């Protein structure tokens, strides 16, 4: 039996944080750091960090929809970052750290819009959600050293201070969804 994988692309601040969470979910085959939503086709990390390319740091997720749906991925997405802060996640500030869902087709767009409305209407976040929902444009994978960053560098200060608490919270809240 051949698995039919689908692709989702989300931005929620530093891609190291988002990747570390999504790669643990049942049904996720890969979570790859990259850049999307900007003007240039092949940006580098340095260019994206300068804030001049318009790209967001993203994670592109390959998943099995028979195990986890796009809607379920978004349910996790809304809970592992703050979608109410414009161009910011904690101390990471700039357009590259914006909250975004880059849809791959009209079905994903509709699911994302519905999910945003439902989450915004809930009491999950006290402030309004500012997450961008846009078609995927100019996606480019990040340099290799960005992938599996948390797994490979767990004692790096940023990983210990920022990513580890996020992953710990995720594991507690979503223990039934970890693969």
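Observations, loosely collected:
- Applying the criterion of being within 24 Å of residue 69 (Cβ to Cβ) and out of contact with any strand residue (DSSP E or B) (no Cβ under 8 Å at 6 or more places or on another chain) to the residues of region 90-109, the residue that is surrounded by the fewest Cβ atoms within 10 Å (Cβ to Cβ) is 106.
- Answer from 121, 128, 112, 134 - the residue that is more than 16 Å from residue 13 (Cα to Cα), exposed (fewer than 12 other Cβ atoms within 10 Å of the Cβ) and in contact (Cβ under 8 Å) with a residue 24 or more places away in the chain: 128
- Within region 165-179, the set of residues being out of contact with any helix residue (DSSP H, G or I) (no Cβ under 8 Å at 6 or more places or on another chain) and either free of Cβ contacts under 8 Å to residues at least 24 places away in the same chain or surrounded by 12 or more Cβ atoms within 10 Å (Cβ to Cβ) (or both) comprises 165, 168, 169, 171, 172, 175, 176.
- Single match in 75, 35 (criterion: out of contact with any strand residue (DSSP E or B) (no Cβ under 9 Å at 6 or more places or on another chain), modelled with pLDDT of 95 or more and not in a loop (DSSP other than H, G, I, E, B)): 75
- Region 142-164, residues that are closer than 20 Å to residue 73 by Cα and surrounded by fewer than 15 Cβ atoms within 10 Å (Cβ to Cβ): none
- Among the residues of region 97-129, those that are under 30 Å from residue 50 (Cα atoms) and part of a loop (DSSP other than H, G, I, E, B) comprise 98, 104, 105, 125, 127, 128, 129.
- From 59, 76, residue being surrounded by 18 or more Cβ atoms within 10 Å (Cβ to Cβ), in contact with a helix residue (DSSP H, G or I) (Cβ under 6 Å, 6 or more places away or on another chain), touching a residue at least 24 places away in the same chain (Cβ under 8 Å) and under 24 Å from residue 154 (Cα atoms): 59
- Taking first residues from region 151-162 that are more than 14 Å from residue 18 (Cβ to Cβ) and partners that are in a helix (DSSP H, G or I), the Cβ contacts under 7 Å between residues at least 6 apart in sequence or on separate chains come to 153/159.
- Test result for residue 134, part of a strand (DSSP E or B), more than 14 Å from residue 70 (Cβ to Cβ), over 13 Å from the mean Cα position of the chain (by Cα) and modelled with pLDDT of 95 or more: yes
- Of everything in region 78-96 that is farther than 23 Å from residue 174 by Cβ and assigned to a helix (DSSP H, G or I), the residue that is nearest to the chain's Cα centre (by Cα) is 96.
The values are calculated or read from the model by the stated rules, or taken from the named source; none is laboratory data. In this text, all values refer to a predicted model and were calculated from it rather than measured experimentally. Every residue, glycine as well, gets a Cβ built from its backbone with ideal geometry; the counts of neighbours run over all protein chains shown.
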